[in-house]
1. Using beta carbons and a limit of 7 Å, which pairs, at least six apart or on different chains, have the first residue in the range 40-56 and in contact (Cβ under 8 Å) with a residue 24 or more places away in the chain and the second one assigned to a strand (DSSP E or B) and exposed (fewer than 12 other Cβ atoms within 10 Å of the Cβ)?
2. Of the conditions (1) out of contact with any Leu (no Cβ under 7 Å at 6 or more places or on another chain); (2) hydrophobic (A, V, I, L, M, F, W, C); (3) crowded, with 16+ Cβ neighbours inside 10 Å, V23 fails just one. Which one is it?
3. Look at D18 and say whether it is acidic (D, E), touching a residue at least 24 places away in the same chain (Cβ under 8 Å) and surrounded by fewer than 10 Cβ atoms within 10 Å (Cβ to Cβ).
4. Enumerate the pairs (first residue in the range 22-36 and farther than 19 Å from K7 by Cβ; second residue anywhere and in a strand (DSSP E or B) and open to solvent by 10 Å² or more (accessible area, probe 1.4 Å)) with beta-carbon separation below 8 Å, excluding pairs fewer than 6 apart on the same chain, so at least 6 apart or on different chains.
5. Show me the strands (runs of 3 or more DSSP E) entirely contained within the range 29-70 in which 3 or more residues are out of contact with any His (no Cβ under 7 Å at 6 or more places or on another chain) and open to solvent by 40 Å² or more (accessible area, probe 1.4 Å).
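The values are calculated or read from the model by the stated rules, or taken from the named source; none is laboratory data. None of these values were measured; they are calculated from a predicted model. Heads up, the Cβs are rebuilt from the backbone with ideal geometry, glycines too, and the neighbour counts pull from every protein chain shown. Side chains are part of the model used for accessible areas, which takes the heavy atoms of the whole protein and leaves out ligands, DNA and RNA. Shrake-Rupley method; radii C 1.70, N 1.55, O 1.52, S 1.80 Å.
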Amino acid sequence: MPDGPKKGPTFDVAITADGTVWVAAWDGLYRGNATTLRRVDGLAGPVTLVAVRSSRLFAGNPSGLFERIA
């Protein structure tokens, strides 16, 4: 996938209720669908945790916790 993570490992993958694919990787958090991923601005890697609860996505990195309401 050419738009996906560029270096290092992928740690976690989650899919929210709306079908969005979230990928936590060494170089950041990515969001997309089955064919395209784009890096989420403002959340540098490594991102080591992605969790989905109700309509919320949580991701963590060394700077703290990121929450996005889908």
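1. S55/I69
2. (1)
3. yes
4. Close Cβ pairs (under 8 Å, with a partner that is in a strand (DSSP E or B) and open to solvent by 10 Å² or more (accessible area, probe 1.4 Å)) amount to N33/V21; A34/V21.
5. By residue number, 49-53, 64-69.
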